[in-house]
């Protein structure tokens, strides 16, 4: 999923096929996919509720702010690199959670916190950009 998304973005930019619709639907599709996978893994007892809650709340806030900016200012902000890194590591956590391995479970115990740090940092950057644009 993540690699196809990277390729899609790469080719859209390379061939100048970036559209306003794509700027909205691509991140929305990513958020829905990650949320559905996280909820399935939560239901299976593979990942903790607090981790899923952080992911979902962050995505809802970013989506809500994006809708506000689109409707009020006709602006669509691009994602930031710490946010992309957070999504990448969230994907790694979700992948490792699907595999029944003590080693991957141990690695995930550290990756949860890396994800949280990246989510906090990227959320701060999103907030700063949002505040600048709203002014």
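The values are calculated or read from the model by the stated rules, or taken from the named source; none is laboratory data. Fair warning: this is a prediction, and the values are worked out from it, not measured in the lab. All Cβ positions, glycine included, derive from the backbone under ideal geometry; neighbour counts span all protein chains shown.
Remarks
- Residue check, residue 65 modelled with pLDDT under 90 and either closer than 23 Å to residue 29 by Cα or not in a helix (DSSP H, G or I) (or both): yes
- Checking 71, 23, 31 one by one, the residue that is buried (at least 16 other Cβ atoms within 10 Å of the Cβ), out of contact with any helix residue (DSSP H, G or I) (no Cβ under 7 Å at 6 or more places or on another chain) and at pLDDT below 95 is 23 and no other.
- Of all the listed residues (94, 104, 114), the sole one being touching a helix residue (DSSP H, G or I) at 6+ places or on another chain (Cβ under 6 Å), touching a residue at least 40 places away in the same chain (Cβ under 8 Å), surrounded by 14 or more Cβ atoms within 10 Å (Cβ to Cβ) and assigned to a helix (DSSP H, G or I) is 94.
- Counting only residues that are surrounded by 11 or more Cβ atoms within 10 Å (Cβ to Cβ), out of contact with any helix residue (DSSP H, G or I) (no Cβ under 7 Å at 6 or more places or on another chain) and assigned to a helix (DSSP H, G or I), region 34-55 holds 2 of them.
- All told, residue 58 falls short of being modelled with pLDDT of 85 or more, in contact with a helix residue (DSSP H, G or I) (Cβ under 9 Å, 6 or more places away or on another chain), outside any helix (DSSP H, G or I) and surrounded by 12 or more Cβ atoms within 10 Å (Cβ to Cβ).
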